[in-house]
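Bear in mind that the values in this text are calculations on the coordinates, not laboratory data. All values reported here derive from a predicted model rather than from experimental measurement. Note that we place each Cβ from the backbone using ideal geometry, even for glycine, and neighbour counts take in every protein chain shown.
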Amino acid sequence: MSIPPDLKKSLANYKHNSLFWTDLLYLMSNRQQSLAATGPFRKFAINAKTLSTETIEMNEDMTEFNTRLSEYYKQLTDTWNEAQKEYSRKVPELPNDVEHMEASKRIWIDIFENYFTRLFDSAEFAENFGQLVSSELEIAKHWNNMASTLLESANMPTKKEMDDVYKELHSLRKRVAKLEKIANKGGTPNGQ
Amino acid sequence: MANEIKVDPQMLAEFIKLNKNIFEAPNLAKSLDEINLEITPHEVVYTEGKVRLLHFNPPVQKQLKTPLVIAYALINRFHILDIHPKKSWIKHLLNQGIDVYLIDWGTPTQINRHEGFDDYVNGYMDNCIDFVRKETLSNAVSLQGYCTGGTLSTVYSALYPKKIKNLTLTAPVIDGRRDSTVVSNLAKHMDVDKLVDTLGNMPPELMYYVFSILKPFEQGFEKYLNFFKNIHDQEYVENFIRVEKWVSDTPPIPGELYRQWIKDVYQENLLIDNKMYVGGKQVSLKNISMPLLTQVAVGDHLVSPECSMPIHYAVSSEDKTLKIYPTGHVGMIASSFSQKKVLPEYAQWLVERSEK
């Protein structure tokens, strides 16, 4: 299940048109913008195009996300309906005493548990769920990129920059631990 | 009246009683925040980053020279091993005279996202075990790994066999190909690279989702119905709230550790095929030659017995025992059954193979 070709084409046209006009308006207003936006805020004006691009691309991924989400709810609803039918076949009448109530509750739980476990165990469910999470992560990526653009405009560290620091710290910690071990053993970095 | 509905008065009474119990519940049960899960007194004897090594205070004189180090799972927290005085795994072992240490992995944050198996096994675990060896003047320790802690313990024992006297694995995640659980089905279809590259660590919210689809009707409906039905049973209520608090608290998993775990254990099955690499070293299960005890539960819907049992056949140990219990993943370590059956057998196995 993916986006139909016609929809893909119209999204591509929409993206092209939007970016074309964003570019042109940016170029046309460049002089005026330079005059209006001074100092650090000018950076934000320059980065505005990134925000439009990310928004457009995020909309594309929203389509994929919605498709997967609809399928996810369809799987849950279909399974619920099938389980309910099975329960109605097994317990055709409303229980009217404590003993029957307990028994029918047990049957209800067993039937629903079996149907749903079968669904969660199926390759179809796992594949769609994997794609659903994946499309959600694509949206998260755009959101991260937009947040980074705003942070960069405000001269604050971005996610990528912070991650580079974490990576460096991780590598330094490893090197220090290695050197500590060598020092404790009274050896050399070559392990001699 | 032709359409009159006949309702059994006893059923009505049960319904009214249940409603009464629901209204009374706040007065009879503590909220999660009011519960302290730390029961058995312990000291933090070593820390490194967010990882802590706990040493439990022995209530009786130490009987065994060989200490036991427990490597808890990466999911939820170690408190399940000490959840209730009457169901505490740790307390039971202490009462047998076993010297118990436990590695608490703490709560990783984004700064830990680059930590992987190498950091956990060659770093944290090795440093904790070296600390215990030094403090107890022991050449080798007994190691217990529970769930994903079992995976880490297996890798550790394969890389450092001389430091491990006895290896005990309780529901370890070993052979993802054979795992028939819902968890494994989702793990096999997950784009773990995209997840880690985008989010950094594996977020707890996604872990909760995975737990919520395990027996959703029994766990999400019947369990709570029984709670309200038994609201006047103080012991039942306290135990329920303690377990619920434990279930609801799971830390994130460091990104690189999660990536390698999902890929090497569930998707490409490298661990059981002896093709997994940790810190540049190949993990060969044949290096595990020390006595091995593997405990699995037939009703385990988180790690199926088929996923754990292959370790019993993959190692080169001559002294190896496989125990299969008629219980579940948590039932094996924190239940009355565990206290009556699993723990006595576990302690006896350990005592017979430890230095006195």
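Within the range B:9-40, list the residues whose amide N lies under 14 Å from a label point set 7 Å along Cα→Cβ of B:S248.
B:26, B:29-37, by backbone N distance to the label point.
Per residue of the range A:68-75, in order, report the coupling 6.51 cos²θ - 1.76 cosθ + 1.60 (Karplus, θ = phi - 60°) as ³J(HN,Hα) in whole Hz, putting x for Gly and Pro.
5, 5, 4, 5, 4, 5, 5, 4
Helix-derived [θ] at 222 nm for chain A: sum -39500 (n - 2.57) over DSSP H runs of at least 4, divide by residue count, nearest 500?
Theoretical 222 nm ellipticity from helices: -30500 deg cm²/dmol.
Do the sum for chain B: with -39,500 (n - 2.57) for every DSSP H run of n ≥ 4, divided by all residues, what is the mean residue ellipticity at 222 nm, to the nearest 500 deg cm²/dmol? Can you show the working numbers first?
On the way: 13 runs with 121 residues, N = 356.
Counting only the DSSP helices, I get -9500 deg cm²/dmol.
Using modelled amide H (1.01 Å from N, peptide plane; none on Pro or chain starts), what sits under 5 Å from the amide H of B:I35, excluding residues fewer than 5 places away?
The list, which skips near neighbours in sequence, is empty: none.
If amide H atoms are built 1.01 Å from N in the plane of the peptide, which residues on other chains or at least 5 residues away come under 5 Å of the amide H of B:I75?
For B:I75, the qualifying residues are B:T148.
Before anything else, pin down the relative contact order of chain A: Cα pairs under 8 Å, at least 6 apart, normalised by residue count, whole percent.
27 percent
Once you list every other residue whose beta carbon is under 12 Å from the beta carbon of B:D179, what net charge do they have if Lys and Arg are +1 and Asp and Glu are -1?
So the surrounding residues net to -1.
Taking a label point 7 Å from the Cα of A:L7 along the Cα→Cβ vector, which residues of the range A:109-152 have an amide N closer than 15 Å to it?
Once the point is set 7 Å along Cα→Cβ of A:L7, A:132, A:135-136 turn out to lie under 15 Å by backbone N, inside the range A:109-152.
How large is ³J(HN,Hα) for each residue in the range A:55-64, as worked out from phi by the Karplus curve 6.51 cos²θ - 1.76 cosθ + 1.60 (θ = phi - 60°), to whole Hz, x for Gly and Pro?
These are the phi-based 3J(HN,Hα) values: 5, 5, 5, 5, 4, 4, 5, 4, 4, 4 Hz.
When only DSSP loop residues count, what chymotrypsin sites (Phe, Trp or Tyr not before Pro) in the range B:188-230 have their Cβ near at most 16 other Cβ atoms within 10 Å?
When the chymotrypsin sites (Phe, Trp or Tyr not before Pro) of the range B:188-230 are filtered for loop state and at most 16 Cβ neighbours within 10 Å, nothing remains.
At R0 = 60 Å, how high is the FRET efficiency between B:T109 and B:T321 if r is their beta carbon distance? Nearest 0.05 is fine.
Efficiency, rounded to the nearest 0.05: 0.90.
Placing +1 at every Lys and Arg Cβ and -1 at every Asp and Glu Cβ, with all other atoms neutral, what dipole size does chain A have around its Cα centre, in debye to the nearest 20?
Values: 25 positive and 28 negative charges, 287 e Å.
With only Lys, Arg, Asp and Glu charged at Cβ, the dipole is about 1380 debye.
Pairs B:K86/B:K341; A:K90/B:K229; B:K134/B:K341; A:K181/B:K263; A:K105/B:K20; A:K181/B:K275: which exceed 24 Å Cα-Cα?
A:K90/B:K229; B:K134/B:K341; A:K181/B:K263; A:K181/B:K275
About its Cα centre, what dipole magnitude does the range A:94-138 give when the only charges are +1 on Lys and Arg Cβ and -1 on Asp and Glu Cβ, stated in debye to the nearest 20?
About 120 debye.
What does the net charge come to around A:V91 if you take all other residues with beta carbon closer than 14 Å to its beta carbon, with K and R at +1 and D and E at -1?
Computed value for this residue: -1.
What are the trypsin sites (Lys or Arg not before Pro) within the range B:73-172 that DSSP puts in a loop, where the Cβ has at most 16 other Cβ atoms within 10 Å?
B:K86
Please give me the summed charge of the neighbours of B:I83: other residues whose Cβ is under 14 Å from its Cβ, Lys and Arg +1, Asp and Glu -1.
Overall, the nearby charge balance is 0.
Provide B:E355, B:E135 in ascending order of the number of other Cβ atoms located within 10 Å of each residue's Cβ, fewest first.
Starting with the residue having the fewest Cβ neighbours, the order is B:E355, B:E135.
How large is the dipole of the protein assembly as shown about the Cα centre if only Lys and Arg carry +1 and Asp and Glu carry -1, each at its Cβ, rounded to the nearest 20 debye? If you can, show how the numbers build up before the last one.
Values: 63 positive and 70 negative charges, 352 e Å.
Charge dipole of the protein assembly as shown: 1700 debye, to the nearest 20.
How far is it, in nm, from the label point at B:Q234 to the one at B:E24 when both lie 7 Å from their Cα along the line to the Cβ?
1.4 nm
In what order do A:S148, B:S180 fall by count of nearby beta-carbon atoms within 10 Å, going from fewest to most?
By the 10 Å Cβ count, ascending: B:S180, A:S148.
Please give the FRET efficiency for B:T136 paired with A:E93, using the beta carbon to beta carbon distance and R0 = 56 Å, rounded to the nearest 0.05.
Step by step, r from the Cβ atoms, then E = 0.25.
Which pairs, out of A:K43/B:K50; A:K178/B:K50; B:K50/B:K188, put more than 28 Å between their alpha-carbon atoms?
The pairs that break the limit, which is 28 Å between Cα atoms, are A:K43/B:K50; B:K50/B:K188.
Please identify the GluC sites (Glu not before Pro) of the range B:1-84 that satisfy two criteria: DSSP loop assignment and at most 11 other Cβ atoms within 10 Å. Which are they?
B:E4, B:E38
Counting only the backbone N, which residues of the range B:205-227 are under 18 Å from the spot 7 Å out from the Cα of B:S180 toward its beta-carbon?
Under 18 Å, as judged by backbone N against the label point of B:S180, lie B:214-215 of the range B:205-227.
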